[in-house]
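The values are calculated or read from the model by the stated rules, or taken from the named source; none is laboratory data. Just so it is clear, the model here is predicted, and its values are computed rather than measured. Note: ideal-geometry Cβ built from the backbone for every residue, glycine included; neighbour counts use all protein chains shown. Accessible surface is based on the protein model in full, side chains and every heavy atom, while ligands, DNA and RNA are left aside. Shrake-Rupley method; radii C 1.70, N 1.55, O 1.52, S 1.80 Å.
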Amino acid sequence: MKAAAMKVIDLRSDTVTHPTPEMRKAMFEAEVGDDVYGEDPTVNRLEAMAARMMGKQAALFVTSGTQGNLIAVLTHTSHGDEIILGHEAHIFWYEVGGASVLGGVIMHTIPTDSCGRLNPDDIDRAIRSKDIHNPQTTLLCLENTHNRCGGAVLTADYTDEACDLAHTHGLKVHLDGARIFNAAVALGVPARALAQNVDSVALCLSKGLSAPVGSLLCGSKDLVGRARKFRKMLGGGMRQAGVIAAAGIVALETMVDRLAEDHDNAKRLAQGLASIKGIKLAQDDIPTNIVMFHLSPELSVVEFMEGLQKAGVKIGLRDGRPFRAVTHRMVSSSDIDEALARIETVCRRLHWARK
Ligand code: TLP
């Protein structure tokens, strides 16, 4: 008899979530048309729904969060402009420099606090005067929840204040809201309250919401009209995209409220990790679904990762960063307990091996 295969517990990211059976059914049955002509009824329905949920006039279905952010930068700025963003921003770190390479903008980074916020005084100082030597500052970018700040949440008040400041100086504001629904659920407010004063917001369907593909860039009709042209330029005109938009509709209808479960599991995971000898949390609290932690310097990162791999636990690790574990629909609370037990065994073995 074959031994039952060990379940691999994948905590690298919430992007690993698979579509639900209901999504697959909706995809199978989706009515479609050519979306480049604006004729895909399912895409149109998804766009209208996302716009409504974000309190904006319009939305554009794009291939990914990265594409949504890039199109936002292209739409809000001109070649040679400067944009202000936090030094921990996803746009700065993980989008292959697209804003600079393809948008021709200078990324002016300013400090981000551990809660994902930029200090208004720093924003103010970073906005360039009209001096002949200066590029023009035209855009401020925020991120909610904040990926590198451990899923930190920006409140509506903070975002509104940052928007007021930017708008006073004639800047637009783009919100990278890849996980804006996690923020909304954590704060107990509708997502639109977190985006009410931004000029554009990009939200992702393919993270905690479990859709297979896609993001939406939401904003005014004028902005989305111009963004549509940039999407085409970047090769993001997807024709019968209703097949994937259908999953996105199910995601927005059924997957938002359950994010609270992922947040509970992240707290459970953090609590367990904190009690394992050799592990230290990198965050004081766990606001949403991201848990970051360090390994004691006496243990080897390479051996820890090898041990985890053999034990069937996948955790994120990137260039000198803390380890990152992200909870999502495909890990239950008992999977969390199982992952903790496996991680503890790996740490115990590493400690023994040093004796
Ligand atoms: N982030 C991914 C990786 O790129 C790190 C992850 O696993 O978390 N904004 C934020 C805040 C994000 O976290 C991500 C994805 C994106 C934008 C980009 O989304 P995609 O992957 O759809 O291009």
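Here are some notes:
- Scattering profile of the chain at q = 0.08, 0.10 Å⁻¹ [log10 I(q)/I(0), Debye over alpha-carbon scatterers]: -0.41, -0.63
- Of all DSSP beta bridges confined to region 115-261, the antiparallel ones make up roughly 40%.
- Per residue, the solvent-accessible area of the chain (1.4 Å probe, heavy atoms of protein chains only, all protein chains present) comes to 45 Å².
- The packing ranking of peptides 289-295, 266-272, highest mean first, is 289-295, 266-272, where packing means the average number of other beta carbon atoms within 10 angstrom of each residue.
- Percent antiparallel among DSSP beta bridges (both partners in the chain, rounded to 5): 50 percent
- Stokes-Einstein D in µm²/s, Kirkwood radius over Cα pairs - region 137-209 at 37 °C with 0.692 mPa s viscosity: 270 µm²/s
- Inter-site label distance for residue 48 and residue 285 at 7 Å from Cα along Cβ, in nm: 4.0 nm
- Spin-label model distance (nm) - residue 132 vs residue 5, 7 Å beyond Cα toward Cβ: 6.9 nm
- Ordered from highest to lowest accessible area with the whole protein assembly present and a 1.4 Å probe, 94, 158, 37 read as 37, 94, 158.
- For region 2-118: relative contact order, % (alpha-carbon pairs under 8 angstrom, 6 or more apart): 16 percent
- FRET efficiency for the residue 274 to residue 321 pair, using the beta carbon distance and R₀ = 22 Å, is estimated at 0.70.
- For region 176-242, carbon and sulfur atoms together expose 53% of the accessible surface, with a 1.4 angstrom probe and every protein chain in place.
- For region 98-143, the orientation-averaged shadow of the C-alpha convex hull comes to 3.9 nm² (one quarter of the hull surface).
- Separation of alpha-carbon centers, region 171-243 and region 1-36, rounded to whole Å: 21 Å
- Heavy-atom accessible surface of residue 181, to the nearest 10 Å², is about 10 Å², with a 1.4 Å probe and all protein chains retained.
- Excluding same-chain neighbours fewer than eight residues apart, the lysines reachable from residue 355 by a Cα-Cα span under 17 Å are 277.
- Sites residue 12 and residue 222 - FRET efficiency at Förster radius 51 Å, r taken between beta-carbons, to 0.05: 0.85
- Axis angle, to the nearest 10 degrees, between helix 221-233 and the longest C-alpha principal axis of the chain: 70 degrees.
- Surface composition of region 32-109: carbon and sulfur make up 56 percent of the accessible area, probe 1.4 Å.
- Each stretch of four or more DSSP H residues adds -39500 (n - 2.57); spread over every residue of the chain, this sum gives -12500 deg cm²/dmol at 222 nm.
- Full extension of the chain between residue 93 and residue 114 yields a length gain of 5.9 nm, computed as 0.36 nm times the residue separation minus the alpha carbon distance.
- Selected from 260, 274, 204, residue furthest toward positive end of dipole (region 201-275; charges at beta carbon): 204
- Computed over region 190-327, the quotient of the alpha carbon radius of gyration and 2.2 N^0.38 Å is 1.36.
- Normalised by the number of residues in the chain, the average gap of Cα pairs under 8 Å and 6 or more apart makes the relative contact order 25 percent.
- Between residue 121 and residue 233, full extension at 0.36 nm per residue minus the direct alpha carbon distance yields a gain of 36.6 nm.
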